[in-house]
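Asker: I have a structure I would like to understand better, so I am pasting it below and will then ask my questions one at a time.
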Amino acid sequence: MLFANDPVFLPWHAQTFEMSLGAASAFGLLGIALLVIGFKIFELVTPRVDLEKELAEKNMAVGVVVGALLIGIALIVSRAIAG
């Protein structure tokens, strides 16, 4: 392991309940922000489809695609945050 003894890369552990709660809140907010950013990038990549309009019209196919996209981004973000 290249950086095994480097103090910058050592795992961090919360010492108190408050630190754990703060870390969980911070990483939760980070995950939600990254999920929103991923959705906005998908909207930019697909300019021909107005996702919000299609969802308002109850287009099931677009709903399934958006749902799958959000689950996929959430899985990637959770693994990236967890390490």
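Asker: Determine the pairs where a residue that is within 17 Å of residue 82 (Cβ to Cβ), located within region 8-28, has a partner that is modelled with pLDDT of 85 or more and in a helix (DSSP H, G or I) with Cβ atoms under 7 Å apart, the partner being 6 or more residues away or on another chain.
Answerer: Short answer, once both residue conditions are applied: 14/20; 14/23.
Asker: In region 27-83, which residue that is acidic (Asp, Glu) and assigned to a loop (DSSP other than H, G, I, E, B) is surrounded by the most Cβ atoms within 10 Å (Cβ to Cβ)?
Answerer: Selected residue: 50.
Asker: Given the options 44, 34, 51, 30, name the one that is over 30 Å from residue 11 (Cα atoms), in contact with a helix residue (DSSP H, G or I) (Cβ under 8 Å, 6 or more places away or on another chain) and not basic (Lys, Arg).
Answerer: Just one listed residue meets the conditions, 51.
The values are calculated or read from the model by the stated rules, or taken from the named source; none is laboratory data. Every value quoted in this text rests on a predicted model; they were computed, and no experiment measured them. Reconstructed Cβ throughout: ideal geometry from the backbone, glycine too, with neighbour counts over all protein chains shown.
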